[in-house]
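The values are calculated or read from the model by the stated rules, or taken from the named source; none is laboratory data. It should be emphasised that the depicted structure is a prediction, and the values quoted were computed from it without experimental measurement. Here the Cβ is made from the backbone with ideal geometry for all residues, glycine too, and neighbour counts use every protein chain on show. Note: areas computed on protein heavy atoms with side chains; ligands, DNA, RNA excluded. Shrake-Rupley method; radii C 1.70, N 1.55, O 1.52, S 1.80 Å.
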Amino acid sequence: MLYREMPKTKDKLSTLGFGCMRFQGRPTNPDEKKAIEQIRYAVDKGINYLDTGWPYHGGKSEVILGKALKDGYREKVKVADKLPQWLCRSRDDMDWYLGEQLKRLDIDKIDYYLIHAVNGASWKKAVENGVIDFMTEAKAAGKVVNLGFSFHGPKDDFMKIIDAYDWDFCQIQFNILDEHFQAGIEGLNYAASKNIGVIIMEPLRGGALAGKQPAEVEAIYQAANPGRTSVDWALRWIWNHPGVVTILSGMNTIEQIDENIATASTAEMNSMSNDELTAVRRAADAFRTLMQVPCTACQYCMPCPAGVDIPSAFSFYNNKYLFNAGFMNRAWYLAMNQGGGDKKPSFASQCVDCGKCLEHCPQNIQIPTHLKQVEKEFEGWMKKPLIYLVNTAMSKGKRK
Ligand code: SF4
Ligand code: SF4
(Lines give C-alpha, C1' and ligand atoms only; values in the text may rest on other atoms or scores of the structure.)
(Ligands and ions follow the chains in the order given, each with its own letter.)
Protein backbone atom coordinates (compact mmCIF):
# COMPACT_ATOMS: atom_id res chain seq x y z
CA MET A 1 0.00 0.00 0.00
CA LEU A 2 1.22 3.50 -0.81
CA TYR A 3 0.51 6.47 1.45
CA ARG A 4 0.23 10.18 0.74
CA GLU A 5 0.44 13.05 3.17
CA MET A 6 -2.58 15.21 3.88
CA PRO A 7 -0.99 18.66 3.30
CA LYS A 8 -2.21 20.50 6.40
CA THR A 9 -2.57 17.69 8.89
CA LYS A 10 0.52 15.71 7.82
CA ASP A 11 -1.47 12.50 8.36
CA LYS A 12 -0.18 9.73 6.13
CA LEU A 13 -3.31 8.31 4.52
CA SER A 14 -3.49 5.17 2.42
CA THR A 15 -4.03 6.17 -1.21
CA LEU A 16 -6.97 3.75 -1.21
CA GLY A 17 -9.79 4.48 1.24
CA PHE A 18 -12.71 2.20 2.12
CA GLY A 19 -16.12 3.69 1.27
CA CYS A 20 -18.80 2.22 3.54
CA MET A 21 -21.78 2.80 1.26
CA ARG A 22 -21.93 -0.30 -0.91
CA PHE A 23 -21.91 -3.23 1.50
CA GLN A 24 -23.32 -6.56 0.33
CA GLY A 25 -27.00 -7.29 1.05
CA ARG A 26 -29.99 -5.01 0.63
CA PRO A 27 -29.40 -1.25 0.61
CA THR A 28 -31.17 -0.80 3.96
CA ASN A 29 -30.33 -4.23 5.31
CA PRO A 30 -26.67 -4.87 4.56
CA ASP A 31 -24.80 -8.01 5.51
CA GLU A 32 -23.18 -6.78 8.74
CA LYS A 33 -20.94 -9.78 9.32
CA LYS A 34 -19.46 -9.65 5.81
CA ALA A 35 -19.04 -5.88 5.94
CA ILE A 36 -17.10 -6.04 9.23
CA GLU A 37 -14.91 -8.86 7.91
CA GLN A 38 -14.15 -6.93 4.73
CA ILE A 39 -13.40 -3.64 6.51
CA ARG A 40 -11.00 -5.39 8.89
CA TYR A 41 -9.43 -7.34 6.02
CA ALA A 42 -8.79 -4.04 4.21
CA VAL A 43 -7.29 -2.45 7.35
CA ASP A 44 -5.05 -5.50 7.87
CA LYS A 45 -3.81 -4.94 4.30
CA GLY A 46 -2.89 -1.31 5.02
CA ILE A 47 -6.01 0.78 4.32
CA ASN A 48 -6.25 3.44 7.03
CA TYR A 49 -9.03 5.78 5.82
CA LEU A 50 -12.63 4.64 6.32
CA ASP A 51 -15.48 6.80 5.07
CA THR A 52 -19.14 6.70 6.05
CA GLY A 53 -22.15 9.04 6.00
CA TRP A 54 -25.43 9.55 7.85
CA PRO A 55 -27.74 8.23 5.08
CA TYR A 56 -25.62 5.30 3.90
CA HIS A 57 -27.48 2.00 4.13
CA GLY A 58 -30.41 3.74 5.82
CA GLY A 59 -28.21 4.75 8.79
CA LYS A 60 -26.69 1.31 9.29
CA SER A 61 -23.31 2.08 7.69
CA GLU A 62 -22.14 4.18 10.66
CA VAL A 63 -23.27 1.52 13.13
CA ILE A 64 -21.53 -1.27 11.21
CA LEU A 65 -18.35 0.75 10.88
CA GLY A 66 -18.48 1.41 14.63
CA LYS A 67 -18.58 -2.33 15.27
CA ALA A 68 -15.73 -2.94 12.82
CA LEU A 69 -13.62 -0.45 14.78
CA LYS A 70 -13.70 -2.58 17.96
CA ASP A 71 -10.94 -5.00 18.92
CA GLY A 72 -8.13 -2.52 18.33
CA TYR A 73 -9.09 -1.39 14.83
CA ARG A 74 -10.01 2.16 15.89
CA GLU A 75 -6.39 2.93 16.70
CA LYS A 76 -5.22 1.85 13.23
CA VAL A 77 -7.41 4.13 11.12
CA LYS A 78 -8.80 7.59 10.45
CA VAL A 79 -12.60 7.75 10.39
CA ALA A 80 -14.43 10.11 8.03
CA ASP A 81 -18.12 10.98 8.46
CA LYS A 82 -20.40 13.70 7.14
CA LEU A 83 -22.97 16.19 8.39
CA PRO A 84 -26.26 15.69 6.49
CA GLN A 85 -26.62 19.44 5.88
CA TRP A 86 -29.88 19.02 3.94
CA LEU A 87 -31.55 17.74 7.13
CA CYS A 88 -30.34 20.64 9.29
CA ARG A 89 -32.81 23.46 9.81
CA SER A 90 -30.80 25.07 12.58
CA ARG A 91 -27.46 25.14 14.36
CA ASP A 92 -29.01 22.96 17.05
CA ASP A 93 -29.73 20.27 14.42
CA MET A 94 -26.04 20.22 13.47
CA ASP A 95 -24.98 19.54 17.04
CA TRP A 96 -27.65 16.85 17.31
CA TYR A 97 -26.55 14.99 14.16
CA LEU A 98 -22.89 15.07 15.17
CA GLY A 99 -23.83 13.75 18.62
CA GLU A 100 -25.87 10.93 17.10
CA GLN A 101 -23.07 10.05 14.69
CA LEU A 102 -20.57 9.75 17.53
CA LYS A 103 -23.06 7.45 19.27
CA ARG A 104 -23.66 5.35 16.14
CA LEU A 105 -19.91 5.01 15.57
CA ASP A 106 -19.32 4.60 19.32
CA ILE A 107 -16.16 6.72 19.22
CA ASP A 108 -15.32 10.03 20.90
CA LYS A 109 -14.06 11.95 17.88
CA ILE A 110 -14.34 11.88 14.09
CA ASP A 111 -10.97 12.38 12.41
CA TYR A 112 -12.24 13.78 9.11
CA TYR A 113 -15.63 15.47 9.21
CA LEU A 114 -17.30 16.77 6.06
CA ILE A 115 -20.27 18.96 5.34
CA HIS A 116 -21.98 16.48 3.04
CA ALA A 117 -22.84 17.13 -0.61
CA VAL A 118 -22.82 20.92 -0.73
CA ASN A 119 -23.22 23.23 -3.71
CA GLY A 120 -23.49 27.01 -3.77
CA ALA A 121 -27.10 27.18 -2.58
CA SER A 122 -26.87 24.57 0.17
CA TRP A 123 -23.59 26.04 1.43
CA LYS A 124 -25.26 29.48 1.66
CA LYS A 125 -28.13 27.98 3.65
CA ALA A 126 -25.74 26.08 5.92
CA VAL A 127 -23.82 29.30 6.63
CA GLU A 128 -27.10 31.10 7.44
CA ASN A 129 -27.91 28.25 9.82
CA GLY A 130 -24.59 28.67 11.64
CA VAL A 131 -22.35 25.99 10.13
CA ILE A 132 -19.17 28.06 10.59
CA ASP A 133 -19.78 28.38 14.35
CA PHE A 134 -20.74 24.74 14.47
CA MET A 135 -17.49 23.63 12.81
CA THR A 136 -15.32 25.92 14.92
CA GLU A 137 -16.90 24.75 18.18
CA ALA A 138 -16.93 21.06 17.22
CA LYS A 139 -13.22 21.26 16.45
CA ALA A 140 -12.42 23.19 19.65
CA ALA A 141 -14.35 20.60 21.67
CA GLY A 142 -12.31 17.79 20.08
CA LYS A 143 -15.38 16.10 18.60
CA VAL A 144 -13.96 16.47 15.09
CA VAL A 145 -10.29 16.80 14.15
CA ASN A 146 -10.17 17.91 10.50
CA LEU A 147 -12.87 19.73 8.58
CA GLY A 148 -13.86 19.45 4.95
CA PHE A 149 -16.79 19.29 2.58
CA SER A 150 -17.94 16.97 -0.16
CA PHE A 151 -19.11 18.67 -3.30
CA HIS A 152 -21.62 18.19 -6.10
CA GLY A 153 -22.27 21.30 -8.12
CA PRO A 154 -20.89 23.77 -10.65
CA LYS A 155 -17.16 24.59 -10.69
CA ASP A 156 -17.67 28.25 -9.71
CA ASP A 157 -19.50 27.18 -6.55
CA PHE A 158 -16.61 24.89 -5.68
CA MET A 159 -14.06 27.69 -5.96
CA LYS A 160 -16.21 29.97 -3.78
CA ILE A 161 -16.65 27.32 -1.07
CA ILE A 162 -12.92 26.54 -1.10
CA ASP A 163 -12.28 30.25 -0.44
CA ALA A 164 -14.99 30.54 2.22
CA TYR A 165 -13.25 28.69 5.07
CA ASP A 166 -9.86 27.43 6.21
CA TRP A 167 -10.55 23.85 5.13
CA ASP A 168 -8.26 20.94 5.91
CA PHE A 169 -9.58 18.83 3.04
CA CYS A 170 -12.36 18.38 0.52
CA GLN A 171 -13.95 15.54 -1.42
CA ILE A 172 -14.84 15.67 -5.11
CA GLN A 173 -16.13 13.41 -7.87
CA PHE A 174 -13.28 12.67 -10.27
CA ASN A 175 -12.75 9.88 -12.78
CA ILE A 176 -11.72 9.37 -16.38
CA LEU A 177 -15.17 10.48 -17.59
CA ASP A 178 -15.44 13.47 -15.26
CA GLU A 179 -12.15 15.26 -15.80
CA HIS A 180 -13.97 18.54 -16.38
CA PHE A 181 -17.31 17.85 -14.65
CA GLN A 182 -18.31 19.61 -11.38
CA ALA A 183 -15.08 20.61 -9.55
CA GLY A 184 -13.04 18.68 -12.14
CA ILE A 185 -9.32 18.96 -12.70
CA GLU A 186 -9.49 22.75 -12.28
CA GLY A 187 -11.06 22.37 -8.82
CA LEU A 188 -8.62 19.63 -7.85
CA ASN A 189 -5.65 21.80 -8.78
CA TYR A 190 -7.13 24.88 -7.10
CA ALA A 191 -7.65 23.02 -3.82
CA ALA A 192 -4.15 21.54 -4.01
CA SER A 193 -2.67 25.00 -4.65
CA LYS A 194 -4.21 26.10 -1.35
CA ASN A 195 -2.74 23.14 0.53
CA ILE A 196 -6.15 21.51 0.88
CA GLY A 197 -6.01 17.72 0.63
CA VAL A 198 -8.36 16.17 -1.91
CA ILE A 199 -10.25 12.92 -1.42
CA ILE A 200 -11.79 11.39 -4.54
CA MET A 201 -15.26 9.82 -4.71
CA GLU A 202 -16.95 8.05 -7.64
CA PRO A 203 -13.59 6.89 -9.11
CA LEU A 204 -15.36 4.18 -11.11
CA ARG A 205 -18.50 6.22 -11.83
CA GLY A 206 -20.84 4.11 -9.77
CA GLY A 207 -19.21 0.89 -11.03
CA ALA A 208 -19.61 1.66 -14.75
CA LEU A 209 -15.84 1.69 -15.22
CA ALA A 210 -15.42 -1.71 -13.54
CA GLY A 211 -16.07 -5.17 -14.94
CA LYS A 212 -16.83 -5.86 -18.57
CA GLN A 213 -16.28 -2.74 -20.65
CA PRO A 214 -17.72 -1.85 -24.05
CA ALA A 215 -15.85 -3.54 -26.90
CA GLU A 216 -14.47 -0.20 -28.16
CA VAL A 217 -13.01 0.62 -24.72
CA GLU A 218 -11.58 -2.89 -24.20
CA ALA A 219 -9.87 -2.71 -27.59
CA ILE A 220 -8.13 0.56 -26.69
CA TYR A 221 -6.98 -0.74 -23.30
CA GLN A 222 -5.81 -4.08 -24.67
CA ALA A 223 -3.80 -2.44 -27.43
CA ALA A 224 -2.09 -0.18 -24.90
CA ASN A 225 -1.37 -2.81 -22.23
CA PRO A 226 -2.83 -6.31 -22.57
CA GLY A 227 -3.76 -7.78 -19.20
CA ARG A 228 -4.30 -4.54 -17.31
CA THR A 229 -7.89 -4.32 -16.06
CA SER A 230 -10.25 -1.41 -16.64
CA VAL A 231 -10.30 -0.77 -12.87
CA ASP A 232 -6.51 -0.59 -12.83
CA TRP A 233 -6.57 1.93 -15.71
CA ALA A 234 -9.26 4.07 -14.08
CA LEU A 235 -7.71 4.19 -10.60
CA ARG A 236 -4.12 4.55 -11.83
CA TRP A 237 -5.17 7.58 -13.91
CA ILE A 238 -6.60 9.30 -10.80
CA TRP A 239 -3.55 8.54 -8.65
CA ASN A 240 -1.37 9.96 -11.40
CA HIS A 241 -2.59 13.43 -10.30
CA PRO A 242 -0.35 14.86 -7.55
CA GLY A 243 -3.19 16.75 -5.83
CA VAL A 244 -5.03 13.52 -5.01
CA VAL A 245 -4.48 12.12 -1.52
CA THR A 246 -6.92 9.21 -1.29
CA ILE A 247 -9.44 7.52 -3.57
CA LEU A 248 -12.57 6.14 -1.94
CA SER A 249 -13.81 2.84 -3.26
CA GLY A 250 -17.05 1.20 -2.14
CA MET A 251 -15.62 -2.31 -2.12
CA ASN A 252 -17.77 -5.27 -1.12
CA THR A 253 -15.83 -8.40 -2.02
CA ILE A 254 -12.41 -9.60 -0.97
CA GLU A 255 -11.49 -9.86 -4.67
CA GLN A 256 -12.29 -6.17 -5.22
CA ILE A 257 -10.26 -5.19 -2.17
CA ASP A 258 -7.28 -7.26 -3.36
CA GLU A 259 -7.54 -5.94 -6.91
CA ASN A 260 -7.71 -2.31 -5.78
CA ILE A 261 -4.90 -2.74 -3.28
CA ALA A 262 -2.70 -4.30 -5.97
CA THR A 263 -3.09 -1.14 -8.07
CA ALA A 264 -2.78 1.13 -5.03
CA SER A 265 0.54 -0.48 -4.18
CA THR A 266 2.23 0.62 -7.41
CA ALA A 267 0.35 3.72 -8.63
CA GLU A 268 2.68 6.63 -7.88
CA MET A 269 1.85 10.20 -8.86
CA ASN A 270 3.08 11.32 -12.32
CA SER A 271 3.95 7.73 -13.20
CA MET A 272 1.87 7.24 -16.37
CA SER A 273 3.51 7.60 -19.77
CA ASN A 274 2.15 9.84 -22.52
CA ASP A 275 1.02 6.74 -24.43
CA GLU A 276 -0.91 5.50 -21.39
CA LEU A 277 -2.54 8.89 -20.88
CA THR A 278 -3.56 8.97 -24.53
CA ALA A 279 -5.11 5.51 -24.19
CA VAL A 280 -7.21 6.67 -21.23
CA ARG A 281 -8.35 9.74 -23.10
CA ARG A 282 -9.40 7.65 -26.12
CA ALA A 283 -11.20 5.14 -23.86
CA ALA A 284 -13.10 7.95 -22.12
CA ASP A 285 -14.13 9.42 -25.48
CA ALA A 286 -15.36 6.01 -26.64
CA PHE A 287 -17.30 5.60 -23.39
CA ARG A 288 -18.99 8.98 -23.62
CA THR A 289 -20.34 8.32 -27.07
CA LEU A 290 -22.09 5.19 -25.76
CA MET A 291 -23.55 6.35 -22.43
CA GLN A 292 -27.19 7.47 -22.55
CA VAL A 293 -27.70 8.80 -18.99
CA PRO A 294 -24.77 10.12 -16.87
CA CYS A 295 -26.06 8.47 -13.67
CA THR A 296 -23.42 7.56 -11.04
CA ALA A 297 -25.83 5.48 -8.90
CA CYS A 298 -25.20 7.81 -5.93
CA GLN A 299 -28.80 7.25 -4.69
CA TYR A 300 -29.30 10.90 -3.67
CA CYS A 301 -32.59 10.95 -5.63
CA MET A 302 -33.93 8.07 -3.59
CA PRO A 303 -36.41 7.21 -2.24
CA CYS A 304 -38.84 8.16 -4.99
CA PRO A 305 -42.34 8.69 -3.51
CA ALA A 306 -43.83 6.67 -6.38
CA GLY A 307 -41.46 3.78 -5.72
CA VAL A 308 -39.29 4.01 -8.85
CA ASP A 309 -35.81 2.57 -8.44
CA ILE A 310 -34.18 5.36 -10.41
CA PRO A 311 -30.50 4.27 -10.35
CA SER A 312 -31.45 0.71 -11.22
CA ALA A 313 -33.48 1.86 -14.23
CA PHE A 314 -30.59 3.99 -15.54
CA SER A 315 -27.99 1.31 -14.88
CA PHE A 316 -29.80 -1.29 -17.02
CA TYR A 317 -30.60 1.34 -19.63
CA ASN A 318 -26.97 2.48 -19.92
CA ASN A 319 -25.75 -1.10 -20.02
CA LYS A 320 -28.01 -1.77 -22.99
CA TYR A 321 -26.05 0.78 -25.05
CA LEU A 322 -22.63 0.36 -23.45
CA PHE A 323 -22.51 -3.37 -23.90
CA ASN A 324 -24.82 -3.75 -26.90
CA ALA A 325 -27.00 -6.07 -24.82
CA GLY A 326 -30.60 -4.91 -25.17
CA PHE A 327 -32.48 -8.09 -24.41
CA MET A 328 -30.41 -9.14 -21.41
CA ASN A 329 -30.66 -5.75 -19.78
CA ARG A 330 -34.37 -5.49 -20.48
CA ALA A 331 -34.89 -8.92 -18.92
CA TRP A 332 -32.80 -8.06 -15.88
CA TYR A 333 -34.53 -4.70 -15.51
CA LEU A 334 -37.94 -6.40 -15.48
CA ALA A 335 -36.79 -9.15 -13.12
CA MET A 336 -35.18 -6.82 -10.63
CA ASN A 337 -37.98 -4.25 -10.55
CA GLN A 338 -41.04 -6.50 -10.53
CA GLY A 339 -41.17 -6.64 -6.71
CA GLY A 340 -41.88 -9.77 -4.71
CA GLY A 341 -41.39 -10.72 -1.07
CA ASP A 342 -41.36 -7.47 0.86
CA LYS A 343 -40.15 -5.50 -2.14
CA LYS A 344 -42.71 -3.46 -4.06
CA PRO A 345 -42.53 -3.01 -7.86
CA SER A 346 -40.19 -0.19 -8.85
CA PHE A 347 -40.57 0.33 -12.61
CA ALA A 348 -39.78 3.52 -14.52
CA SER A 349 -43.44 3.67 -15.59
CA GLN A 350 -44.47 4.36 -11.99
CA CYS A 351 -43.00 7.88 -12.25
CA VAL A 352 -45.74 10.50 -11.74
CA ASP A 353 -43.51 13.40 -12.76
CA CYS A 354 -43.59 15.08 -9.34
CA GLY A 355 -40.05 16.48 -9.83
CA LYS A 356 -38.89 15.73 -6.28
CA CYS A 357 -35.86 13.77 -7.47
CA LEU A 358 -34.64 16.66 -9.63
CA GLU A 359 -33.68 18.72 -6.57
CA HIS A 360 -31.32 16.02 -5.37
CA CYS A 361 -29.49 14.82 -8.48
CA PRO A 362 -25.90 16.10 -8.39
CA GLN A 363 -25.54 15.26 -12.09
CA ASN A 364 -28.53 17.45 -13.04
CA ILE A 365 -30.12 14.56 -14.92
CA GLN A 366 -33.63 15.20 -16.22
CA ILE A 367 -34.78 12.06 -14.44
CA PRO A 368 -38.50 11.92 -15.41
CA THR A 369 -37.67 12.53 -19.09
CA HIS A 370 -35.11 9.72 -19.17
CA LEU A 371 -37.43 7.42 -17.22
CA LYS A 372 -40.03 7.85 -19.96
CA GLN A 373 -37.44 6.61 -22.45
CA VAL A 374 -36.58 3.65 -20.19
CA GLU A 375 -40.28 2.83 -20.00
CA LYS A 376 -40.63 3.04 -23.77
CA GLU A 377 -37.66 0.77 -24.48
CA PHE A 378 -37.91 -1.68 -21.57
CA GLU A 379 -41.62 -1.95 -20.71
CA GLY A 380 -44.56 -1.53 -23.15
CA TRP A 381 -46.94 -4.34 -24.06
CA MET A 382 -44.16 -6.97 -23.81
CA LYS A 383 -43.68 -6.31 -20.12
CA LYS A 384 -45.95 -9.06 -18.76
CA PRO A 385 -44.93 -11.84 -21.18
CA LEU A 386 -41.25 -11.03 -20.64
CA ILE A 387 -41.63 -11.08 -16.85
CA TYR A 388 -43.31 -14.48 -17.17
CA LEU A 389 -40.43 -15.77 -19.28
CA VAL A 390 -37.81 -14.38 -16.93
CA ASN A 391 -39.52 -15.85 -13.86
CA THR A 392 -39.83 -19.23 -15.52
CA ALA A 393 -36.13 -19.19 -16.36
CA MET A 394 -35.23 -18.03 -12.85
CA SER A 395 -37.32 -20.84 -11.25
CA LYS A 396 -35.44 -23.54 -13.11
CA GLY A 397 -33.90 -26.03 -10.68
CA LYS A 398 -35.94 -24.75 -7.74
CA ARG A 399 -36.54 -27.33 -5.00
CA LYS A 400 -40.06 -28.76 -5.27
S1 SF4 B 1 -40.30 12.72 -10.79
FE2 SF4 B 1 -40.78 10.54 -10.99
S3 SF4 B 1 -38.89 9.50 -10.42
FE4 SF4 B 1 -38.70 11.60 -9.69
S5 SF4 B 1 -39.38 11.48 -7.55
FE6 SF4 B 1 -41.16 12.05 -8.80
S7 SF4 B 1 -42.18 10.12 -9.27
FE8 SF4 B 1 -40.10 9.62 -8.56
S1 SF4 C 1 -30.29 9.90 -11.09
FE2 SF4 C 1 -28.88 11.39 -10.19
S3 SF4 C 1 -29.29 11.33 -7.97
FE4 SF4 C 1 -30.23 9.51 -8.89
S5 SF4 C 1 -28.70 7.92 -8.65
FE6 SF4 C 1 -28.41 8.82 -10.69
S7 SF4 C 1 -26.88 10.42 -10.41
FE8 SF4 C 1 -27.63 9.88 -8.36
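Can you name the residue in the range 281-300 that is farther than 13 Å from Gln213 by Cα and of a type in the set (A, V, I, L, M, F, W, C) and is also farthest from ligand 2 (Cβ to nearest atom) among such residues? Per the stated criteria, the residue is Val293. Just one of the numbered conditions (1) under 23 Å from the mean Cα position of the chain (by Cα); (2) open to solvent by 60 Å² or more (accessible area, probe 1.4 Å); (3) over 29 Å from Val43 (Cα atoms) is not true of Arg89: (1). Any residue at all in the range 223-238 that is assigned by TED's automatic domain parsing to the domain that holds Ser14, open to solvent by 40 Å² or more (accessible area, probe 1.4 Å) and under 22 Å from Val43 (Cβ atoms)? No, that holds for no residue.
Looking only at the range 313-330, residues that are in contact with a helix residue (DSSP H, G or I) (Cβ under 6 Å, 6 or more places away or on another chain) and near ligand 2 (Cβ under 10 Å from one of its atoms) come to 1 in all.
Given the criterion in contact with a strand residue (DSSP E or B) (Cβ under 8 Å, 6 or more places away or on another chain) and farther than 17 Å from Met201 by Cα, identify the matching residue among Leu83, Leu98. The conditions single out Leu98. Looking only at residues in the range 5-22 that are open to solvent by 60 Å² or more (accessible area, probe 1.4 Å) and out of contact with any helix residue (DSSP H, G or I) (no Cβ under 9 Å at 6 or more places or on another chain), the one that is nearest to Cys170 (Cα to Cα) is Lys8. Counted as qualifying within the range 175-287 are the helices (runs of 4 or more DSSP H) with 1 or more residues that are without any contact (Cβ under 8 Å) to a residue 60 or more places away in the chain and within 24 Å of Lys78 (Cβ to Cβ), namely 184-193, 230-239, 254-264. The residues listed here are Ala279, Ala306; of these, the one that is buried (at least 20 other Cβ atoms within 10 Å of the Cβ) and modelled with pLDDT of 90 or more is Ala279. For the range 331-374, a residue qualifies if it is among the aliphatic types (A, V, I, L, M) and either within 13 Å of ligand 2 (Cβ to nearest atom) or outside any helix (DSSP H, G or I) (or both), and the qualifying residues are Ala348, Val352, Leu358, Ile365, Ile367, Leu371, Val374.
Counting only residues that are more than 8 Å from ligand 1 (Cβ to nearest atom), over 27 Å from Ser122 (Cβ atoms) and not small (Gly, Ala, Ser), how many does the range 333-378 have? Final tally of qualifying residues: 17.
If I filter the range 296-310 for residues that are outside any loop (DSSP other than H, G, I, E, B), within 11 Å of ligand 1 (Cβ to nearest atom) and not acidic (Asp, Glu), do I get at least one hit? Yes: the range 296-310 contains one or more residues that are outside any loop (DSSP other than H, G, I, E, B), within 11 Å of ligand 1 (Cβ to nearest atom) and not acidic (Asp, Glu).
Within the range 137-156, none of the residues are assigned to a helix (DSSP H, G or I), of a type in the set (Val, Ile, Thr) and open to solvent by 40 Å² or more (accessible area, probe 1.4 Å). Among the residues of the range 34-53, the ones that are open to solvent by less than 50 Å² (accessible area, probe 1.4 Å) and acidic (Asp, Glu) come to 1 in all.
Inclusion of Phe134 among residues that are in contact with a helix residue (DSSP H, G or I) (Cβ under 8 Å, 6 or more places away or on another chain) and either of a type in the set (Val, Ile, Thr) or not in a helix (DSSP H, G or I) (or both) is not warranted.
Can you confirm whether Ala284 is of a type in the set (A, V, I, L, M, F, W, C), more than 23 Å from Ser349 (Cβ to Cβ) and away from ligand 1 (no atom under 16 Å from the Cβ)? Spelling it out, Ala284 is indeed of a type in the set (A, V, I, L, M, F, W, C), more than 23 Å from Ser349 (Cβ to Cβ) and away from ligand 1 (no atom under 16 Å from the Cβ).
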